[in-house]
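J.: First, the structure itself, so that you have it in front of you.
Each reported figure results from applying straightforward, stated rules to the coordinates on display, with no laboratory input. The shown structure was predicted, so the numbers you read here are calculated from the model rather than taken from an experiment. Neighbour counts run over all protein chains shown; Cβ positions are idealised from the backbone, glycine included.
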Amino acid sequence: MRTNQTANTTVQSRVLSIDSLEQIFSGVLAVLERTGVRILCDEIIGMVRHIVRGFQVDEAHLALDVIDKVGPMGQFLSEKHSVQTFRSQFWLPSLVNRQRVHDWERAGRPAWATA
């Protein structure tokens with residue numbers, strides 16, 4: 001727990017902004033137009049914030065009873081605990097389109113990001 005708090009303090013003490021990430025990636029991603037770089041930076045910031053917030057390590061989140069029930073060769077996707085906690089623990093981009101290619105093509109191939 002102390003390590004997580006230290007990591008949070010270290011990351012939060014640095015100013016993480018779209019402009020600073022844009023400067024870092026602009027040379028590497030020069031082929032993208034400015035809007036594309038900003039969208040990419042926004043998504044990176046979202047992912048970093050999700051990681052920095054950390055995760056809980058307690059009896060409810062570890063679900064040792066589920067691990068015992070499923071066993072070493074089992075799968076957890078159909079377990080009630082996985083279904084209940086999946087959405088709060090998984091990060092998805094807010095701007096970039098995450099559709100499957102088939103669904104994207106059927107929708108008329110809309111822009112790759114919506115701002």
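J.: When a/c reaches 1.5 or more, the comparison of a/b and b/c decides; with that in mind, is the range 63-115 rounded, prolate or oblate per its Cα gyration tensor? Could the numbers behind the result be given before it?
T.: On the way: a/c = 4.77, a/b = 2.56, b/c = 1.86.
Prolate, since a/c reaches 1.5 and a/b exceeds b/c.
J.: Moving on. Can you compute the modelled spin-label distance between Val66 and Phe90, with each label point 7 Å from Cα toward Cβ, in nm?
T.: According to this spin-label approximation, the distance is 1.2 nm.
J.: Taking the Cβ of Leu92 as the centre, find all other residues whose Cβ is under 12 Å away and add up their charges (Lys, Arg: +1; Asp, Glu: -1).
T.: Working: positive: Arg87, Arg98; negative: Glu43.
Residues near Leu92 contribute +1 overall.
J.: Here's something else I'd like to know. If Lys and Arg each add +1 and Asp and Glu each add -1, what is the summed charge of the other residues whose beta carbon sits under 12 Å from the beta carbon of Lys69?
T.: Around Lys69, the charge tally is -2.
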